[in-house]
Amino acid sequence: MSVSPHRVVIVGGGFGGLQTAIRLAGRKDVEVTLIDRHNHHLFQPLLYQVASAGLAPGSIAMPIRSVLSSQKNARVLLAEADHVDVDQKALHLRDGEVLNYDTLVIAAGARNNFFGNDAWAEHAIGLKDVRDAIRIREKILLTFEAAERCDDAAERKRMLTFVVIGGGPT
């Protein structure tokens, strides 16, 4: 009589999700499915290096599939979770697919928090993913280019004044 493996579905390929999958490597009694809406794991602590043009985006992003490529009990799906049916132990994906699980791990990451000052979102660029970092880098470099051509010292000083809000490596 064959026993079905324990099905672990992990939402999120960041540090938490990826480490969970890696820790389950080699377990023949466990089947791991990791889903993420991006096909890469991002080393977020270095996003500021991409934003400030110190590193290329590819230097801090690695395909999730390559990280788990030697792990026989894991598969990776490029997908987005939509909702969970806890009673049925089913994760519904945005594309309509349903993943049944025995254990569900939600490691979906973080989002920007403006601490009750939601109006800031209109004027500020957060720094949570590669797209944010590239937008910041473009804004900074284009501002430097414009300041280079500016003859008005007061205007140049205004252009070269940046405000950074955050207590992390940013």
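The values are calculated or read from the model by the stated rules, or taken from the named source; none is laboratory data. As the structure is a computational prediction, the values presented were derived from the model and not from experiment. All Cβ positions, even for glycine, are placed from backbone atoms using ideal geometry, and neighbour counts span all protein chains on display. Remember, those area values only see protein heavy atoms, side chains included, never the ligands or the DNA or RNA. Shrake-Rupley method; radii C 1.70, N 1.55, O 1.52, S 1.80 Å.
Out of the residues in region 2-33 meeting the condition of being farther than 15 Å from Pro63 by Cβ and within 12 Å of the chain's Cα centre (by Cα), tell me which one is surrounded by the most Cβ atoms within 10 Å (Cβ to Cβ). My answer is Val11. Looking only at region 16-38, residues that are farther than 19 Å from Leu91 by Cα and part of a loop (DSSP other than H, G, I, E, B) come to 6 in all. Please find, among Ala154, Ala110, the residue that is of a type outside the set (Val, Ile, Thr), farther than 15 Å from Leu42 by Cβ and loosely packed, with under 10 Cβ neighbours inside 10 Å. It is Ala154.
For every residue, the table says whether it meets (1) basic (Lys, Arg); (2) open to solvent by less than 60 Å² (accessible area, probe 1.4 Å); (3) more than 25 Å from Thr143 (Cβ to Cβ).
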{"residue": "Ser52", "(1), (2), (3)": "no, no, no"}
{"residue": "Leu68", "(1), (2), (3)": "no, yes, yes"}
{"residue": "Asp82", "(1), (2), (3)": "no, no, yes"}
{"residue": "Lys89", "(1), (2), (3)": "yes, no, yes"}
{"residue": "Ala121", "(1), (2), (3)": "no, yes, no"}
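Of the helices (runs of 4 or more DSSP H) contained entirely in region 52-170, those carrying at least 3 residues that are more than 20 Å from Phe15 (Cβ to Cβ) and without any contact (Cβ under 8 Å) to a residue 60 or more places away in the chain fall at 130-149, 153-159. When Asp102, Asp36 are checked against the criterion of being of a type in the set (D, E, K, R), closer than 21 Å to Ala133 by Cβ and open to solvent by less than 80 Å² (accessible area, probe 1.4 Å), a single residue qualifies: Asp36.
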